[in-house]
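To start, the structure itself, in structure tokens.
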Amino acid sequence: MSREAQASQAVQESHTVEKSTTAELAPGVVIPLIGLGTWPMTGEEATDAVARAITNGYRHIDTAENYGNEEAVGEGIRRSGITRGELFLTTKFNRQWHGRAGVREAFDAAARRLGTEYLDLFLIHWPNPAQGRFVEAAEGLTRLAEEGLITCWGVSNFKPAHLRELQAAGLEIPVNQVQIDPEHQQLDQLAFHREHGIATAAYSPLGRNGSFLSAPAVTGPAEEYGKTPAQMVLRWQVQSGRVAIPKSADDRRQRENLDVFGFALTEAEMAGIDALETGAPPRLDSDEFGH
């Protein structure tokens, strides 16, 4: 197919593609598909980036206890002037709080640092399987949800084996936040998520070194649609059904990262980016690393 024919097909598909900017994690729980990642920003840098991101249209902010920036993120939210109910706020807690009672302490501390009465999404940051208490932590999270302190719970960096342990305890996992980019697609992980109805949130969705951003499978469509390579990859993420959480403190890039819903990649263009998969594992092994 010629590039002209592909462009024509893309235009036709863009009129029928689902243009929703949100997804449903659980009944009544709606999450914006593009969120602002805040690691490794701290202090005024984080505060300023969050405030400007909200002004630029972001309604989903992602942070974590271990980032050391929850206070700064909370200040950025207040500085933006946004009503709390308009914002989807995610944070994560460390292994010292794994356990039913510990999760409540983790919530109280996170809510205090962020200056909020509730969290939209509270995640177990790493499974820490050697500690052996992530099932108890998940059970604690379900109690927080029942009490209305959190809207939804989830996990991060959990492999299928860890997820099976949660399932064996009778828990349904709404979402797993894992490293996904065109070169690190974790295909077995994604297949498990699809099979069991677990939503996928992609952190580092544009990679760390960005080498694939110069691949023809990315730059070709970018030129065709008049978008940046980063926008192509983010469109690939959301069109694949994933939430994506890119980090940016730059106004232009923040706005570009949100501008990925008015067009659709063709099947061939999606397949081209899929083909960038290298089979490499994620940067950190969650059976060995955790905090």
**Fill in**
Of 196, 98, 162, the most mobile residue in a GNM of the chain (C-alpha springs, cutoff 10 Å) is 196
**Asked** Packing-wise, with mean Cβ within 10 Å as the measure, how do 119-127, 181-189, 48-56 rank, highest first?
**Response** 119-127, 48-56, 181-189
**Prompt:** Residues with amide H under 5 Å of residue 152's amide H, sequence separation 5 or more or different chain, H placed in the peptide plane at 1.01 Å from N; which?
**Reply:** 121, 122
**Message:** Suppose each label sits 7 Å from its Cα in the direction of the beta carbon; what would the residue 117-residue 288 distance come out to in nanometres?
**Reply:** 4.6 nm
**Message:** Just to be sure I follow: if Rg is taken over the C-alpha atoms of region 31-144 and Rh is the Kirkwood radius over the same atoms, what is Rg/Rh?
**Reply:** 0.99
**Request:** For residue 251, put the label point 7 Å out on the Cα→Cβ axis and report which residues of region 78-115 keep their amide N under 17 Å from it.
**Result:** 80-81
**Request:** Just report the Cα centroid separation between region 178-207 and region 126-159, whole Å.
**Result:** 19 Å
**Request:** Take each of the peptides 232-240, 200-208, average the number of other beta-carbon atoms within 10 Å over its residues, and list them starting from the highest.
**Result:** 232-240, 200-208
**Message:** Counting only helical runs of four or more DSSP H residues, what would the 222 nm mean residue ellipticity of the chain come to if each run contributes -39,500 (n - 2.57) and the total is spread over all its residues?
**Reply:** -12500 deg cm²/dmol
**Message:** Could you work out how much longer the chain between residue 142 and residue 21 gets when fully extended? Use 0.36 nm per residue separation minus the Cα distance between them, nm to one decimal.
**Reply:** 40.9 nm
**Request:** May I ask for the equivalent-ellipsoid semi-axes of region 158-208, computed as the square root of five times each C-alpha gyration tensor eigenvalue and listed largest first in whole Å?
**Result:** 21, 10, 9
**Burial ranking of peptide ranges 30-42, 133-145 (average Cβ count within 10 Å, highest at the top)** = 30-42, 133-145
**Prompt:** In whole Å and largest first, what semi-axes does the C-alpha gyration tensor of region 186-291 yield when each eigenvalue is scaled by 5 and square-rooted?
**Reply:** 23, 17, 14
**Message:** Rolling a 1.4 Å sphere over the protein heavy atoms, what is the accessible area per residue of the chain, to the nearest Å²?
**Reply:** 43 Å²
**Complete:** Mean shadow area (nm²) of the C-alpha convex hull around the chain is 14.5 nm²
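The values are calculated or read from the model by the stated rules, or taken from the named source; none is laboratory data. Here the structure is a predicted model, which means the values were calculated and not measured. Cβ atoms come from the backbone with ideal geometry, glycine included; neighbour counts cover every protein chain shown. We work out accessible area using only protein heavy atoms, side chains counted, and drop any ligands, DNA or RNA first. Shrake-Rupley method; radii C 1.70, N 1.55, O 1.52, S 1.80 Å.
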